[in-house]
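To start, the structure under review is shown below, and the notes come after it.
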Amino acid sequence: MLFRSKKACREADMDNNLNAIMPYAGLSVELGKWDDAIFGIKKILKLMPNHPDSMEHHFNLGNCYAQKQDYNNAITIFKQHIKKYPKDYRARCNLVELYIVTNKDELAKEALRAAEKFGDYPGIETHKDKLF
């Protein structure tokens, strides 16, 4: 019964109402409810793709996938994020970390070299130590 109620609320109240979606997504992140957070963040991005906060929402989407240990989707999101927001060093850092976690050391090294060109990468020495 709870599943149907949750599904009904998500479909009825959160299909286009940012006043419902925003707190739902934020609380889901805080509670570690990654599937719910992903659902909410995707809705937010769909409804306001060019909002000034979209960069942060997109970055958080990648983090939710990483927390869920869905590394392939996290990697995909961070690669998209880097293309859309090339100056956001955090996605580059997370991408390197995800490649390390998934034992893709050559891809991690390649991503690290690309990140070095942009600068502003706190913790780069830690990643270099892990890889070289």
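The values are calculated or read from the model by the stated rules, or taken from the named source; none is laboratory data. Here the structure is a predicted model, which is why all the values come from computation and not from measurement. Cβ: placed from backbone, ideal geometry, glycine included. Neighbour counts: every protein chain shown. Side chains included, ligands, DNA and RNA excluded: accessible areas come from the protein's heavy atoms. Shrake-Rupley method; radii C 1.70, N 1.55, O 1.52, S 1.80 Å.
Odds and ends about this structure:
- Some residue of segment 85-101 being open to solvent by 70 Å² or more (accessible area, probe 1.4 Å) and under 24 Å from GLY26 (Cβ atoms): yes
- Only residues that are touching a Gly at 6+ places or on another chain (Cβ under 9 Å), surrounded by fewer than 22 Cβ atoms within 10 Å (Cβ to Cβ) and of a type in the set (Gly, Ala, Ser) were counted across segment 49-79, and they come to 0.
- In segment 34-130, counting only helices (runs of 4 or more DSSP H) that sit wholly within it, the ones holding 1 or more residues that are within 25 Å of ILE21 (Cβ to Cβ) span 34-47, 54-67, 71-84, 89-101.
- Scanning segment 108-130 turns up no residue that is modelled with pLDDT of 95 or more and crowded, with 19+ Cβ neighbours inside 10 Å.
- When segment 33-78 is filtered for residues that are farther than 25 Å from ALA111 by Cα and of a type in the set (S, T, N, Q), only ASN50 remains.
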